[in-house]
1. Where residues in region 62-80 are closer than 19 Å to LEU202 by Cβ and in a loop (DSSP other than H, G, I, E, B), which of them is modelled with the highest pLDDT?
2. Mind checking which residues of region 134-174 are of a type in the set (D, E, K, R) and more than 19 Å from LEU90 (Cα to Cα)?
3. Listed residues LEU268, LEU273, LEU321; which is more than 30 Å from HIS220 (Cβ to Cβ) and either within 16 Å of the chain's Cα centre (by Cα) or open to solvent by 10 Å² or more (accessible area, probe 1.4 Å) (or both)?
4. So in region 186-210, with the set limited to residues that are of a type in the set (Asp, Glu) and part of a loop (DSSP other than H, G, I, E, B), which one is modelled with the lowest pLDDT?
5. Out of all the residues in region 54-61, is one or more assigned to a strand (DSSP E or B), surrounded by 15 or more Cβ atoms within 10 Å (Cβ to Cβ) and either without any contact (Cβ under 8 Å) to a residue 12 or more places away in the chain or of a type in the set (Lys, Arg) (or both)?
6. Considering every residue within region 234-242, establish whether at least one is surrounded by 16 or more Cβ atoms within 10 Å (Cβ to Cβ) and touching a Leu at 6+ places or on another chain (Cβ under 6 Å).
7. Tell me, yes or no, whether region 348-357 has at least one residue that is surrounded by 19 or more Cβ atoms within 10 Å (Cβ to Cβ), in contact (Cβ under 8 Å) with a residue 24 or more places away in the chain and more than 21 Å from ASN249 (Cβ to Cβ).
8. Out of region 147-161, which residues are at pLDDT below 95, in contact with a strand residue (DSSP E or B) (Cβ under 9 Å, 6 or more places away or on another chain) and open to solvent by 80 Å² or more (accessible area, probe 1.4 Å)?
Amino acid sequence: MLTRKKIPEQVKMGGLALWFLLIFSLCFGQEEPNDSTVFKALPLAYYTPETRIAFEGFAFYSYYSEGSKRKSNVRLFATYTQNRQYIFILPWQIYTADDRYFLNGSLDYRKFPEYYYGIGNDTQEKNRALYEFSAFTINSKSYLKLENDTYMGFALQGQWLMPEFTENEPIFDDIDSTNGRNGYNYLSLGPSFMWDRRDHILSPSEGSFLEFTPTFGFGHSDQEAIYFGLASLDVRDYWKLGEKSTWANQFVAQFSMGEVPYRVLPTLGGPFLHRGYYQGRFRDKHLMILQSEFRQHVIGRFGVVAFASAGRVYSTVRTELTRDIHLAAGGGIRFRISKNDRTNVRFDYSLTPDSSGFYIYFAESF
């Protein structure tokens, strides 16, 4: 767990990362003054509670397809962290000509030691245990535009994971052969509906967004066949309060049924959902979370934000929804990586009742 005593190390890392950004965003990459196309390739340093200090090679390419009103982007991250983690991620958000199709997805490989806290809403920080895993994950949503910013499409997700658990760890009693103790692989498929009126994919300042995706998964866990269902609802709204201010809000609900692999269960924490909590701090069959953030451009490429979130996980939907809610709040700095694209790198610090987190990350959390 991060504590306040570790903040000097985090702030030092934040300064180093910002220095990298300032120098290399000015020296490397291609930008035409009268063109919206942006290509950047630069080394970065960042910090999250899950990785500690991380060094990363980063490439970013953004452009408009012919007749498209929305900007497409493709990114590549190759990372090695202070926790001896290897991460390779290739995410994309691509609009084809005239916004006819929208392709959203990622390829992800990681070899990762991480903390496991158990399943449930009442797990204790002191009971965490360390284990390692290797995983390859594919996420893909392919949409066809219907009308009025409405899209209908097909979702695909698959994962191969091999964990290495320490022997005789009581915390791992809730992981068995049916949910991934000796590794698992699966493929999930289903329809996806999206309504998207955001003005920018990675750093929106106005508009609304709604996505609903139910999927059916099948695969193997320790040679046993597994079948499960997942459904996610993501609703966002961005209110422009002035020339330079935005109030952003997000509600996320996730539901599951069947023999869901333990690392596929709905999860709170990390750089996107509930900053301040370690990613995987709370996980269970179902999840609900509400996040709110005020964003203010200050000067040049710099901006500031203040945010708060509330959420919890549930073993059953019959649970009283408003009991034992986990809270978090914090603030941060934004740095725009390009004059021709308003995508930001964010520097966020968040506090919770039992932990804190410092994050340096590409693009807004929502």
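1. Out of the qualifying residues, it is SER65.
2. Those that are of a type in the set (D, E, K, R) and more than 19 Å from LEU90 (Cα to Cα): LYS145, GLU147, ASP149, GLU164, GLU167, GLU169, ASP173, ASP174.
3. The conditions single out LEU321.
4. Ranking the candidates gives ASP199 first.
5. Among the residues of region 54-61, not one is assigned to a strand (DSSP E or B), surrounded by 15 or more Cβ atoms within 10 Å (Cβ to Cβ) and either without any contact (Cβ under 8 Å) to a residue 12 or more places away in the chain or of a type in the set (Lys, Arg) (or both), which makes the answer no.
6. yes
7. yes
8. If the condition is that a residue be at pLDDT below 95, in contact with a strand residue (DSSP E or B) (Cβ under 9 Å, 6 or more places away or on another chain) and open to solvent by 80 Å² or more (accessible area, probe 1.4 Å), then ASN148 is the only one that fits.
The values are calculated or read from the model by the stated rules, or taken from the named source; none is laboratory data. As the structure is a computational prediction, the values presented were derived from the model and not from experiment. Every residue, glycine as well, gets a Cβ built from its backbone with ideal geometry; the counts of neighbours run over all protein chains shown. To get the accessible areas, we keep the full protein, side chains included, count just its heavy atoms, and leave off ligands, DNA and RNA. Shrake-Rupley method; radii C 1.70, N 1.55, O 1.52, S 1.80 Å.
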